[in-house]
Amino acid sequence: MASKMEKTKARLPRGFFDKTASDLRAEEKVVTAIREVYELYGFEPVETPLIEYTDALGKFLPDQERPNAGVFSFQDDDEQWLSLRYDLTAPFARYIAEHFEQLPKPCRSYRAGWVFRNEKPGLGRFRQFLQFDADTVGAENITADAEICMMVADTLERLGIKRGDYTIRVNNRKVLDGILEMIGLEGEKKQRKRLSVLRTIDKLDKFGPEGVALLLGKGRLDESGDFTKGADLDAAAVKRVLDFVTSEVGNDSQTIENLRKVMGNSAKGLEGITELEEIQALFSIAGYEDRVRIDPSVVRGLEYYTGSVFEAKLLFDVANEGGQKVVFGSVGGGGRYDGLVSRFRPEPIPATGFSIGVSRLVIALKNLEKFDPKTNEGPVVILMMDREPKALAGYQRMAADLRNEGIRAELYVGDSGMKAQMKYADRRGAPCVVIQGSVEREAGTVEIKNLVEGARLSQKIADNKTWRKQSPAQITVSQNQMVQEIKRILANHVRKPRR
């Protein structure tokens, strides 16, 4: 006897995810709000493809047969390597370079889209995620950097994040480069050590000054007993870097003064401090001084940015997997990347931009309960009590009447009985169902069962006999009054989102 064919196992690839209707609606609300603010600032939409030539992304390894470090790649029939984009900035730089002569300068653009990382997935780390970017290309003026930060602050507030629950942190890579030069880490031979120091500075929020000091030196032993090797700086260099990252005191003017003292005579560092002074003055003039602050510990894109760097950080607490309260943290970042577009063209082309992690921002807004539960409601469900043609025509007419009034409605089209239909309506998140059997049809009436009110009252009535006798949350109305009664029901309740 032939064995049955083995069924393919349904399984989701690691690092990817499925989304429910609730997830998609929340995401669309966030994307719409971001787009509205960016449009107010005069930014225009551009869309680039998901796939680019690998060398255009700048993430290829010529010493390997397959350029798969960080990107998902494949070879075309002309033997050229193509890759799924890992961010939205590199494809935009290619677009700017190709259309440079036709574009207005400066060029202000925004893009929303999926990006892909060929990395080991982990907690909160996905291989596919949604980003929303805005960039200004062709402007050297620090005003372009300041405006990007102001726009992000306005976006977070448009989404309902209160002032004081977020901050836009600003630093300058020239200042970081200055401090690295002062401790002797200039030149190509010291690149690896420079990156190690920058990564350590970026961990100030996580480990605090003491942990950073250990990682700048010999290394750090964590709570589990694992040892992380440090950057191996001498004591004087550790102190200088630590003085630098702890210069922030909450008052931008004083922070800048502290940085100036630490920086000494470094020409590059002092140039960066001057730019921080200029951008801080713009924030103050525009009334953003309580929303944007100077923070020397902001690093971002280790080999990417050339001037200002920004980070949007949410300051409220959330519970992590272990139940401990932690600060939510970053939801996006950016900065000035004057060298990226110039990879494709002979002339220098300045650029600055910001990228919001939409998926992470949605999680933050869910923690703040910023999504209207009504948007997660399912449609009104009209039960199919009778399948003869006249009855079916009546049910379809009811659904059409509701839809014509802007009310989501559907006729149950399955083959199950009333009990299963009610279970279906509950799983769909229906606020109410419409019931019309032959008796109601002859009388010109319908029964409307308010599922949300019924669920609430069921918690108060424990006796099943009393429940059946009182028939709570179920009313009979004239079919002509059905639409108005359902409007009243929808206006009077909010269904809590399902978890």
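Side notes on the structure shown:
- Principal-axis tilt of helix 173-182 within the chain, Cα atoms, nearest 10 degrees: 40 degrees
- Pairs from Lys193/Lys229; Lys370/Lys487; Lys174/Lys218; Lys203/Lys313; Lys423/Lys449 whose Cα-Cα separation, in the structure shown, is over 18 Å: Lys370/Lys487; Lys174/Lys218
- Pairwise Cα distances in the chain exceed 43 Å in 35 percent of cases.
- Low-density loop cleavage sites - trypsin sites (Lys or Arg not before Pro) in the stretch 238-275, where at most 14 other Cβ are within 10 Å (DSSP): none
- Radius, Kirkwood style, for the stretch 203-244 when every pair of distinct Cα atoms is counted (Å): 10.3 Å
- Using just its DSSP H runs of length 4 or more, each adding -39500 (n - 2.57), the chain gives a mean residue ellipticity at 222 nm of -12000 deg cm²/dmol after division by all residues.
- Averaging Cα coordinates gives a centre for the stretch 65-140 and one for the stretch 187-227; these two points are 30 Å apart.
- Label-point gap, in nm, between Lys105 and Glu271 - each point 7 angstrom along Cα→Cβ: 2.0 nm
- Note, ³J(HN,Hα) from phi for the stretch 389-398, Karplus 6.51, -1.76, 1.60, rounded to Hz, x at Gly and Pro: x, 4, 5, 4, 4, x, 5, 5, 5, 4
- Heavy-atom surface analysis with a 1.4 Å probe gives the chain a carbon and sulfur content of 50 percent of its accessible area.
- Among the trypsin sites (Lys or Arg not before Pro) in the stretch 305-413, those placed in a DSSP loop whose Cβ has at most 11 other Cβ atoms within 10 Å are Arg387.
- For GluC sites (Glu not before Pro), the sites in the stretch 237-313 that DSSP calls loop and that have at most 12 other Cβ atoms within 10 Å are Glu303.
- With R₀ fixed at 41 Å, the C-beta to C-beta distance from Arg163 to Asp415 puts the FRET efficiency at about 0.15.
The values are calculated or read from the model by the stated rules, or taken from the named source; none is laboratory data. Keep in mind that what you see is a predicted model, and the values were worked out from it rather than measured. Every residue, glycine as well, gets a Cβ built from its backbone with ideal geometry; the counts of neighbours run over all protein chains shown. Note: areas computed on protein heavy atoms with side chains; ligands, DNA, RNA excluded. Shrake-Rupley method; radii C 1.70, N 1.55, O 1.52, S 1.80 Å.
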